[in-house]
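Student: Below is one structure. I have some questions about it.
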Amino acid sequence: MLIRCVDFETTGAPTKMEKHAVCEVGWCDVVGDEDDDLPWGHGMPRAMLVDPCRPMPPEAAAVHGIIDADLVGAPQMVTGFMELMKGPPSMFCAFNADFEQAFFQGGDLPWVDPYKVAVRLWPDAPNHKQGTLRYLLGIPLDRAAAFPPHRAGPDAYVLAGILAHILNEGLCSLDTMVRWSKGPALLPKCPISDEHRGKPFNDVPSSFLKWILDPNKTFSRDLKATAKYHLKLRDELIT
């Protein structure tokens, strides 16, 4: 099985008012089989600059360092997306995959989002950023290939290392990861309120969880799903 880990650098996060576009495509393949005893492995990353067909905003350039001059003569975005389909892969993987999927759907292939997996596997991690998980888990990577961060190739490479670690340690099956990735993320700690901010959700009172679920409250899908999940664990979910 070939799982293609992907990462994009862009002109910004897409919104209803501003579509934005990809300026760099990176990928790194994880290969293996859940039905045999051989370890999952991954190679080195690949990346290519692509033309976003729009100027690079300074705030986006400040993140990844890609400027308009770097993109002169670069191929169109669709060329990069076509590279991602070669192989073909069995599924795609992206960290915070909703972001990548806003630009590239990957046909009808399933996606794995290691962020949504990580918050379930390591709820007590200092945070669930990709770089933090790399060092927290002690994942051995080529340091040059993983540098610099916030570029598509190195970030895809680190992502491949995290996914291979989860699979090789038997921490979660691919089917479960795909299922978790389709839904909202379960947040490990409460992100709101002076009284409960930073608390593990196990320590947040049910009354506050029910308040989060008030239909008149416009909290994120992830926060509402997390409140519902913990109320269900306590047998206190009223439907």
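Every number here is computed from the coordinates shown, using simple stated rules; none is lab data. Computed from a predicted model, the values in this text were never measured in an experiment. Cβ coordinates were reconstructed from backbone atoms using ideal geometry, including for glycine residues, and neighbour counts include every protein chain displayed.
Student: Given the -39500 (n - 2.57) contribution per DSSP H run of 4+ residues, what per-residue ellipticity at 222 nm results for the chain, rounded to the nearest 500 deg cm²/dmol?
Tutor: Value at 222 nm, helices only: -9500 deg cm²/dmol.
Student: Also, quick follow-up: Roughly speaking, what is the centre-to-centre gap between segment 192-218 and segment 86-152 when only Cα atoms are used, to the nearest Å?
Tutor: After rounding, the separation between the Cα centres reads 28 Å.
Student: May I ask you to order 89-98, 111-120, 223-232, 59-68 by the average number of other C-beta atoms within 10 Å around their residues, highest value first?
Tutor: Answer by packing, highest mean first, reads 111-120, 89-98, 223-232, 59-68.
Student: Counting only other residues whose beta carbon sits under 9 Å from that of Glu9, what net charge do I get with K and R as +1, D and E as -1?
Tutor: Spelling it out: positives minus negatives among the neighbours equals -2.
Student: Give me the net charge for the shell around Leu133: Cβ to Cβ below 15 angstrom, other residues only, Lys and Arg +1, Asp and Glu -1.
Tutor: Overall, the nearby charge balance is -1.
Student: Using the per-residue mean of other Cβ atoms lying within 10 Å as a proxy for protection, in what order, highest first, do the peptides 172-178, 185-191 fall?
Tutor: Descending mean neighbour count gives 185-191, 172-178.
Student: Just add up the charged neighbours of Leu186: K/R +1, D/E -1, any other residue whose Cβ is under 9 Å from the Cβ of Leu186.
Tutor: Value of the local net charge: +1.
Student: Okay, moving on. What is the spread of the Cα atoms of the chain along each of their three principal axes, largest first, in whole Å?
Tutor: Over the chain, Cα extents along the principal axes are 58, 49, 33 Å.
Student: Can you tell me which lysines have their Cα less than 16 Å from the Cα of Lys232? Leave out same-chain residues fewer than eight positions away.
Tutor: Straight-distance partners of Lys232: Lys210, Lys224.
Student: Quick one: angle between helix 152-168 and the longest Cα principal axis of the chain, in degrees between 0 and 90, rounded to 10, please.
Tutor: Its long axis makes an angle of about 50 degrees.
Student: Run the numbers for Asp142 and Leu213: contour at 0.36 nm per residue of separation, minus the present Cα-Cα distance, in nm. Walk me through the numbers before you get to the answer.
Tutor: Details: separation 71, 0.36 × 71 = 25.56 nm, distance 4.49 nm.
Extra length available between Asp142 and Leu213 comes to 21.1 nm.
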